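I have placed the structure first, in the form of structure tokens, so that the comments after it can refer back to it.
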Amino acid sequence: MGTSFNEQFDQHGAWRREFALRLKLLSEWMKDHELLDASVEERLRRLEQQMRSDKVMVAFVAEFSRGKSELINAIFFAGYKRRIMPASAGRTTMCPTELGYDADVPPCLRLLPIETRLQPQALMEWRMVPEKWTRIDLDVNDPTQLAQALEKVAEVRHVTKDEAKALGFWHDEVPEDNPMVGADGLVEVPRWRHALINIAHPLLKQGLVILDTPGLNAIGAEPELTVNLIPQAHAVVFILAADTGVTKSDLAIWREHLITEADNNESRLVVLNKIDTMWDTLSTPFQVQAQIDRQRATSAEILGLRREQVIPVSAQKGLVAKVNDDAKLLQASQLPMLEQALGQGVMGQRQKILQAAVGGGISELRVEAGRAIHVRRRDLAEQMLELKGLRGKNTSVIKHMRSRIEQEQGEFDISGARIHAVRSVHLKLLREVFEMLGTGALKAEMAQLTTAMRQPGIKLGVKKAYMQTFERLRAGLRKAQATSAEIQNMLGGTFRQLNAEYGFSLQAPKEPDLERYVRDLDLVERSHTQYLGVGNVLRLAQPEFADRLVRALATRLRVVYESALGEVELWNKSAAAQLDAQLRERRRNFGRRMEAIERIQQAATGLDDRIAEIGSQERALDELDAKLTELTDHLMSTPAGGSANDEAQRKSA
Ligand SMILES: Nc1nc2c(ncn2[C@@H]2O[C@H](COP(=O)(O)OP(=O)(O)O)[C@@H](O)[C@H]2O)c(=O)[nH]1
Ligand SMILES: [Mg+2]
């Protein structure tokens, strides 16, 4: 039996904690040995942040009443020994609900009123204003209170047709999707737009975020869910019910959310829930199984999947089995199989991605710190050569040497002005890149798109307007890439020149690869065009809807551009820090050489002492280098469950 999702997640958490601890040790050690320059420090900070804030989002997507909430209860909350998310007949989740943990906020449920849809802000923007949310404190030690509070996500309101229209739940153009009108002429809509649950559940504390979505109708016009939240989830679990098979609305949801051209199939799981409805005491277990298999095969065929890609379970029996510690029932529910698939597929992949990302950061860190060691080593070698040349020489030679060092130092100080000039050209070009990737450029693009969408009769041209926007954005990124290449060229040239003139060992840091962000844009574009392609274009008749869609797009793009900018900044920092470090080391070097000459002038024996001293400094540098390799190696190859604690103890011992 493999590891379940929960166990895998625990291991992932342990690995992250261990990594963070080792990173801290490395940073302290580097500080002690003066290897922390501005760019190394920045890199460490980012790695630490990346590790600490890494979130894994699992989204449960399906038509209502397929058992999403029950499945969440069974997989994650069975430990509370009762149902936590409302999942009984007639009490279903009406708004998208995110479960996660934020240590800065007390355990609570936050609810965003549905009326916020009448305002233009995107969901992402509402997150920044917690006071606009209704907050209910949660008592995590009281599962009854917890479950009661969470029932809020099932609340509804009754509004007139016009209000429903304004809120995005009623569309004259697509009457078949409209909710039923009651005898009183009112329409039922969700009371809340979005819910955030903050509890210190062990898995959530380690960065798991669960997204529970309501069915198609309850989502209404919430484009952000479709174009941002779900596409960004690390895993999407799509749920069918064995007793209904694949219905028309299941298929609509499948098309809207689950079909991706990306090849990360492992992050999509299809569950055939409620297999217990097929358990039948009059049939033999063999017959029951055959029937489940048939349903599985049919569902797979309709969705265009292989049979094995559809996992049959009973969420309800799984929950009951866990609550009652009933191993036989748990086995029959087949829930452990789903948990295993989640664990291996999702967590395994997530860990690999994170490991690769931090591995890259660590290896660049090592190169940068290694360079500083190399500079010191070369300075020592030069001093050694100089001092050995003084052996057996008289005082006038020594005096001459002294004035030579003074002269060199004078020349070097003058060169400072030239280095300054190089830097200002570099900065000028860099500002151009910053501008291309800045918020101003993005805002202008979004304003243009909004204007296009407001054109009467745009409906048919919407996809084209999107396409053109994305074309321009991609062109902008490529232009930024070209300017970066120019900067890189220039840096390389000046660095080579400085290396030749002053014996520096400057090396232009690797320029940022913006092509990665072009790919991100492709993904964002795809989720938008897919969304618009499945009938949502009709909703654009409402200008507020079009505005909201563009704002949702803007919030997602901002994230992409911010990380691109961050990379450019780091690149610049790394180049500047190298130059600073070499200048600083060189000045120190003059100081050390001068000091050595003075000592030798005062005492004839000083020379051999000094040579021996440099020898021992060289050996110390070798040790430093070896230790750097050792510490960074550890960070690049940390298997889960290692022993960072032993190391911490060894260090403090
Ligand atoms: N028989 C059976 N009923 C289930 C199962 N899972 C969920 N249900 C029921 O189906 C209904 C809808 O479940 P819920 O989790 O609220 O669905 P959601 O709307 O997708 O979140 C509830 O009455 C559940 O008790 C299952 O595995 N077997
Ligand atoms: Mg639900």
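The values are calculated or read from the model by the stated rules, or taken from the named source; none is laboratory data. This is a predicted model, so every value here is computed, not measured. Neighbour counts run over all protein chains shown; Cβ positions are idealised from the backbone, glycine included. Note: accessible area is taken over every heavy atom of the protein model, side chains too, but ligands, DNA and RNA are not part of it. Shrake-Rupley method; radii C 1.70, N 1.55, O 1.52, S 1.80 Å.
Considering each of Leu628, Leu553, Leu621 in turn, give the residue that is assigned to a helix (DSSP H, G or I), within 27 Å of the chain's Cα centre (by Cα) and at pLDDT 90 or above. The match here is Leu553. Here region 326-356 is the region considered, the condition is being in contact with a Leu (Cβ under 9 Å, 6 or more places away or on another chain) and modelled with pLDDT under 85, and the residue that is nearest to ligand 2 (Cβ to nearest atom) is Leu342.
Against the list (1) within 16 Å of ligand 2 (Cβ to nearest atom); (2) assigned to a helix (DSSP H, G or I), the condition Leu240 fails is (2).
Working carefully through the options Val61, Val56, find the one that is of a type outside the set (Phe, Trp, Tyr), more than 8 Å from ligand 1 (Cβ to nearest atom), touching a helix residue (DSSP H, G or I) at 6+ places or on another chain (Cβ under 7 Å) and under 23 Å from Ile275 (Cβ atoms).
Residue meeting the stated conditions: Val61.
Scanning region 280-319 for residues that are open to solvent by 60 Å² or more (accessible area, probe 1.4 Å), within 16 Å of ligand 1 (Cβ to nearest atom) and not acidic (Asp, Glu) gives Thr281, Gln291, Gln316. Leu35 meets all of the listed conditions (1) open to solvent by less than 30 Å² (accessible area, probe 1.4 Å); (2) within 26 Å of the chain's Cα centre (by Cα); (3) away from ligand 1 (no atom under 16 Å from the Cβ) but one, namely (2). The set of residues from region 594-612 being open to solvent by 20 Å² or more (accessible area, probe 1.4 Å) and either free of Cβ contacts under 8 Å to residues at least 24 places away in the same chain or of a type outside the set (A, V, I, L, M) (or both) comprises Glu595, Glu598, Arg599, Gln601, Gln602, Ala603, Ala604, Thr605, Asp608, Asp609, Ala612.
In region 139-204, counting only strands (runs of 3 or more DSSP E) that sit wholly within it, the ones holding 2 or more residues that are open to solvent by 60 Å² or more (accessible area, probe 1.4 Å) span 156-159. Out of Leu427, Leu437, one residue alone is out of contact with any Gly (no Cβ under 6 Å at 6 or more places or on another chain), surrounded by 15 or more Cβ atoms within 10 Å (Cβ to Cβ) and more than 30 Å from Ile597 (Cα to Cα). It is Leu437.
Residue-by-condition table, conditions (1) among the basic types (Lys, Arg); (2) open to solvent by less than 60 Å² (accessible area, probe 1.4 Å); (3) within 16 Å of ligand 2 (Cβ to nearest atom):
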{"position": "Phe60", "(1), (2), (3)": "no, yes, yes"}
{"position": "Ser69", "(1), (2), (3)": "no, yes, yes"}
{"position": "Ile72", "(1), (2), (3)": "no, yes, yes"}
{"position": "Thr92", "(1), (2), (3)": "no, yes, yes"}
{"position": "Cys95", "(1), (2), (3)": "no, yes, yes"}
{"position": "Leu112", "(1), (2), (3)": "no, yes, no"}
{"position": "Glu115", "(1), (2), (3)": "no, no, no"}
{"position": "Leu123", "(1), (2), (3)": "no, yes, no"}
{"position": "Glu131", "(1), (2), (3)": "no, no, no"}
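Among the residues that make up region 387-401, is at least one of them among the hydroxyl-bearing types (Ser, Thr, Tyr) and open to solvent by 30 Å² or more (accessible area, probe 1.4 Å)? For region 387-401, residues among the hydroxyl-bearing types (Ser, Thr, Tyr) and open to solvent by 30 Å² or more (accessible area, probe 1.4 Å): present.
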